[in-house]
Amino acid sequence: MDGNFRTEFVREAGALKQHPALVLNADYRPLSYYPLSLWPWQDAVKAAFLDRVDIVAEYDEVVRSPSLTLKIPSVVVLKDFVQPRKRVAFTRFNLFLRDEFRCQYCGTKSDLTFDHVIPRAAGGVTSWENVVAACSPCNLKKGSRSLRQTSMALRKPPRQPSAPELLNMGRRFPPNHLHESWVDYLYWDAELDA
């Protein structure tokens, strides 16, 4: 067998770091803001060839095959509308997003974990209404005691967010890297300040 035969078929973890494509729904809104809906450039090219997306912006860099030269897509739009989820999944990430990546006791943004407001030892359940983001020091301070026993207070009461609320919250936390071709598509539907 030829020594140049490819034996690794798994994408490298850094595939999104080089020329990712912003994926927009058919209404020209990102599928998600946080995390931002991005595809590796390879997936964007494949979707374009399968006629599943339209390319609306491109990088200056090109990819070549024996018969074709193509600019790498930087923004693609799905041809078919994908219905946004109505129910928000109860995940650690979504919980932190709901709580704005802040401890709900002291407000710090560092060393976050989560805490049961009514401790599980006292019958508290793991739910949107009973779990909040908390820094490790506050979590240790509270322990398995109630808020009343510790004289601690919540910044806001925990509740289940709606999908649009979480989507709007995600807009406030842009990723570290935004390509200039994406900016026009990220915030065009945001409410204007008066």
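The values are calculated or read from the model by the stated rules, or taken from the named source; none is laboratory data. All values reported here derive from a predicted model rather than from experimental measurement. Virtual Cβ from ideal backbone geometry, glycine too; neighbours counted across all protein chains shown. Heavy atoms of the whole protein, side chains included, go into the accessibility calculation; ligands, DNA and RNA do not. Shrake-Rupley method; radii C 1.70, N 1.55, O 1.52, S 1.80 Å.
Sort through GLU58, GLU8 and tell me the only one that's over 30 Å from LEU112 (Cα atoms), outside any helix (DSSP H, G or I) and modelled with pLDDT of 85 or more. Let's see the steps before the verdict.
On the way: GLU8 fails: modelled with pLDDT of 85 or more.
Within the list GLU58, GLU8, the selection yields GLU58.
Considering region 16-35 alone, what residues qualify as being touching a residue at least 24 places away in the same chain (Cβ under 8 Å) and part of a helix (DSSP H, G or I)?
LEU16
One line per residue, one yes/no per condition, for (1) crowded, with 18+ Cβ neighbours inside 10 Å; (2) in contact with an Asp or Glu (Cβ under 9 Å, 6 or more places away or on another chain); (3) farther than 20 Å from PRO35 by Cβ:
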position: GLN83; (1), (2), (3): no, no, no
position: ALA89; (1), (2), (3): no, no, no
position: GLU100; (1), (2), (3): no, no, no
position: CYS106; (1), (2), (3): no, no, yes
position: GLY123; (1), (2), (3): no, no, yes
position: GLU129; (1), (2), (3): no, no, yes
position: SER136; (1), (2), (3): no, yes, yes
position: GLU165; (1), (2), (3): no, no, no
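Which residues, counting only those in region 142-156, are without any contact (Cβ under 8 Å) to a residue 24 or more places away in the chain and open to solvent by 40 Å² or more (accessible area, probe 1.4 Å)?
Of everything in region 142-156, those that are without any contact (Cβ under 8 Å) to a residue 24 or more places away in the chain and open to solvent by 40 Å² or more (accessible area, probe 1.4 Å) turn out to be ARG148, GLN149, SER151.
Just one of ASP115, ASP51 is in contact (Cβ under 8 Å) with a residue 24 or more places away in the chain and assigned to a loop (DSSP other than H, G, I, E, B); which is it?
Working: ASP115 fails: assigned to a loop (DSSP other than H, G, I, E, B).
Selected residue: ASP51, the only one of ASP115, ASP51 that is in contact (Cβ under 8 Å) with a residue 24 or more places away in the chain and assigned to a loop (DSSP other than H, G, I, E, B).
Look at region 119-167 and say how many of its residues are over 16 Å from LEU95 (Cβ atoms) and assigned to a helix (DSSP H, G or I). Give the steps one after another, and end with the answer.
Restricting attention to region 119-167, the residues satisfying the condition of being over 16 Å from LEU95 (Cβ atoms) are 119, 121-123, 137, 140-153, 164.
Of the ones still in play, those that are also assigned to a helix (DSSP H, G or I) are 121-122, 137, 140-142, 147-150, 164.
Selection size over region 119-167: 11.
Answer with yes or no whether ALA44 is among the aliphatic types (A, V, I, L, M) and open to solvent by 70 Å² or more (accessible area, probe 1.4 Å). Before you say what the answer is, go through the steps one by one.
Numbers: among the aliphatic types (A, V, I, L, M): yes; open to solvent by 70 Å² or more (accessible area, probe 1.4 Å): no.
Considered against the rule, which asks whether it is among the aliphatic types (A, V, I, L, M) and open to solvent by 70 Å² or more (accessible area, probe 1.4 Å), ALA44 comes out as no.
Just give me the residues in region 61-81 being open to solvent by less than 70 Å² (accessible area, probe 1.4 Å) and assigned to a loop (DSSP other than H, G, I, E, B), in sequence order. Show your work before the answer.
Here is the first cut: in region 61-81, the residues open to solvent by less than 70 Å² (accessible area, probe 1.4 Å) are 62-63, 65, 70, 72-78.
Answer for region 61-81, where residues must be open to solvent by less than 70 Å² (accessible area, probe 1.4 Å) and assigned to a loop (DSSP other than H, G, I, E, B): just SER65.
Looking at region 128-181, which of its residues are among the aromatic types (Phe, Trp, Tyr) and more than 30 Å from ILE72 (Cα to Cα)? Break it down into steps so the answer makes sense when it comes.
Within region 128-181, the subset among the aromatic types (Phe, Trp, Tyr) is 128, 173.
TRP128 - this is the single residue of region 128-181 that is among the aromatic types (Phe, Trp, Tyr) and more than 30 Å from ILE72 (Cα to Cα).
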